[in-house]
Amino acid sequence: MTSPTAISGLSQLADQYDVILSDVWGVIHNGRESFPHACAALSRWGVEQGPVVLISNSPRPSEAVKSQLEDLAVPRSAWTSFITSGDATRVLLGARAPGPAWAIGPERDNSLYDGLSLKLLEGPQGAAFISCTGPYDDEVETPEDYRVRFELAVTQGQPMICANPDIVVQRGDKLIYCGGALAKLYGEMGGEVLMAGKPHAPIYASCLIEAERLLGRPLDRSRVLCIGDGMPTDLKGANDQGLDVLFIASGIHGAETLGPDGLDSEAVASLLAGAGVSARWAMADLVW
């Protein structure tokens, strides 16, 4: 694989792309605070270049996540439209209503089920399938806390719909488990797992349809730039769709890809090769 080209700012790519599909967590905020330079870069792109569609693996519908962006001081000018894994997953869930479903995840994710007429259970007994947004308590729980209950669900042939394919995400200065970590264990135990978020095709289809609507003309996929920090989600998803990607090294892989002088290009190339993914461009942090 060709090593990504290191760039110093998003402005270097302004004449090559019409639309940005940008990851959220790890690129424009870390769950505790926003990154002002990244927000400013996307805001300037939106004014001078074209649409910015945020593409997030949040398990909640985008309408329920917008308030979180406001709380983290992400300016509204930083994005044109917003599509989440939750938006895409609601299609899978609605097709299986009324369930019942064993709903795994914290109460803050319950907006995922609004209007779907699903019966939600607190365990695998009697469930037709599992809906997972993440651990009940992601501050303390690990996937192993679910193994015994998963054994019963696998035995009963319950498929899992995972609304957040991320394995881990950065919250402040720590990494926490996400729904994808539970889905990974469930799949390893022999369970069937269904996902619509990154890196899977449904969320990209939704984003590209939205981008074309915003442009008001047919979309040239060669002029779509994906931005992200997650290799198994952002980079693999973009690779699978044949879209160019800008890798942001300071996200979940920052400890491995940043040195005293900033971006360590050799470390980035090695990490990407080891993960079997590629990026056309790389930066330490998203700036203009």
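The values are calculated or read from the model by the stated rules, or taken from the named source; none is laboratory data. In this text, all values refer to a predicted model and were calculated from it rather than measured experimentally. Virtual Cβ from ideal backbone geometry, glycine too; neighbours counted across all protein chains shown.
Observations
- Once the range 261-288 is narrowed to residues that are part of a helix (DSSP H, G or I) and among the hydroxyl-bearing types (Ser, Thr, Tyr), the residue that is nearest to residue 42 (Cα to Cα) is 265.
- The range 209-247: number of residues that are within 15 Å of residue 52 (Cβ to Cβ), of a type in the set (A, V, I, L, M, F, W, C) and not in a strand (DSSP E or B): 5
- The range 165-186 - residue that is part of a helix (DSSP H, G or I) and under 23 Å from residue 87 (Cβ atoms) and, of those, farthest from the chain's Cα centre (by Cα): 186
- Here the range 114-152 is the region considered, the condition is being touching a strand residue (DSSP E or B) at 6+ places or on another chain (Cβ under 6 Å) and aliphatic (A, V, I, L, M), and the residue that is surrounded by the fewest Cβ atoms within 10 Å (Cβ to Cβ) is 120.
- The set of residues in the range 188-230 being buried (at least 17 other Cβ atoms within 10 Å of the Cβ), of a type in the set (Gly, Ala, Ser) and either at pLDDT below 95 or more than 19 Å from residue 85 (Cα to Cα) (or both) consists of 191, 230.
- There is at least one residue in the range 48-71 that is closer than 26 Å to residue 138 by Cα, basic (Lys, Arg) and crowded, with 22+ Cβ neighbours inside 10 Å.
- Candidate set: the range 87-117, residues that are under 22 Å from residue 33 (Cα atoms) and touching a residue at least 40 places away in the same chain (Cβ under 8 Å); chosen: the one farthest from the chain's Cα centre (by Cα): 108
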